[in-house]
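Here is the structure we will look at, set down as C-alpha cells.
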Amino acid sequence: IEVYDKNGRDISHSEHHIKLFSDRVQPETAYGFGEEGQVYLSRDSGKSFREIHVSGEAPKCRMSGIDGFKGVEIRFMHDRQGECYAALREHGLWKLSFSHDSAAAVRISDNGDFVKTVGFGMGESADDYTLFISGTLFGEYGFWRSADHGKSWARINTDAQMFGGIVSMDGDMRQKGRVYIATGTRGGLYGDEMTN
C-alpha cells in the first residue's frame, strides 16, 4: 500500500498507524484515519491513499487505534457513499462527509459532551436511520437515541441499566427500536423500544 501526505510525500514506510475502512456503496473507494486526526482517501481499491483536507474544526485526536486500543469509534453508513460518524470521546460526536478530494466535518453533539460509541438503526422511513450512542449528554451518562440525526436525543436506559463498560453499540436496520450493546464484562445484550 502506498500512502502520501498532503504534500505528496511518500510516507508508506513510516511508523505511523492508519485505520482503514472500505466504502459500503462504492467498492473502489476506501478511507484511512491517522494518529493525529489525519484523513486519507483511496480511489483505487486501497492500493494507494492520499491525505485530504478536512473542512470544519474536527479535533486532531488519535483515530487509528483498533480493538482494545481503538480509543474512538468510526462507523460508515451502510447505504450512503462517503458518510460516516465518529464517536471521539471527550471531543463528542462528529459526522464526516467525503467528496472527490476532501471531507467536511460537522460536530453533532454539544461542546463538553463525551461520546464513546455510535451505531445506526432503522429510522422512521425506509430511507432514513436512527442514531444510537453511549456517553454523556446534558451532563448525564447513558445510552441515547436520536431519530433526527442528532438534533435531539432521548435516553433509553435507566440508572439500573448501565451494564459496565460499553465497548460498542449498534442498532438493527430491520427492526425499529432494537439496539445491541457489546459490554466488556457482561457479554452482548440487546434491547427493544417499549411501546404503549
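Values computed for the structure shown
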quantity	calculated
Counted residues, the range 143-175 - those being open to solvent by 20 Å² or more (accessible area, probe 1.4 Å) and on the phi < 0 side of the Ramachandran plot	21
Counted residues, the range 73-100 - those being under 14 Å from Tyr31 (Cβ atoms) and not in a strand (DSSP E or B)	6
Unique match (being of a type in the set (Asp, Glu), touching a strand residue (DSSP E or B) at 6+ places or on another chain (Cβ under 6 Å) and open to solvent by 30 Å² or more (accessible area, probe 1.4 Å)) among Glu140, Glu124, Glu73, Glu83	Glu83
Verdict on Phe132 being part of a strand (DSSP E or B), in contact with a strand residue (DSSP E or B) (Cβ under 6 Å, 6 or more places away or on another chain), within 20 Å of Ile108 (Cβ to Cβ) and open to solvent by 10 Å² or more (accessible area, probe 1.4 Å)	no
Inter-residue pairs, beta-carbon under 6 Å, first closer than 13 Å to Ile133 by Cα and in the range 148-174, second open to solvent by 60 Å² or more (accessible area, probe 1.4 Å), 6+ apart	Ala154/Arg145; Ile156/Arg145; Asp170/Tyr180
Output for the range 1-44, where each listed residue is surrounded by fewer than 20 Cβ atoms within 10 Å (Cβ to Cβ), outside any loop (DSSP other than H, G, I, E, B) and over 21 Å from the mean Cα position of the chain (by Cα)	Glu2, Tyr4, Asp10
Complete set of residues in the range 45-57 that are open to solvent by 30 Å² or more (accessible area, probe 1.4 Å) and in a loop (DSSP other than H, G, I, E, B)	Ser45, Lys47, Gly56, Glu57
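The values are calculated or read from the model by the stated rules, or taken from the named source; none is laboratory data. These numbers were taken from a predicted model, which means no experiment stands behind them. For neighbour counting, all protein chains shown are included, and Cβ atoms are generated from backbone atoms with ideal geometry for every residue, glycine included. Just the protein is used for accessible areas: all its heavy atoms, side chains included, with ligands, DNA and RNA removed. Shrake-Rupley method; radii C 1.70, N 1.55, O 1.52, S 1.80 Å.
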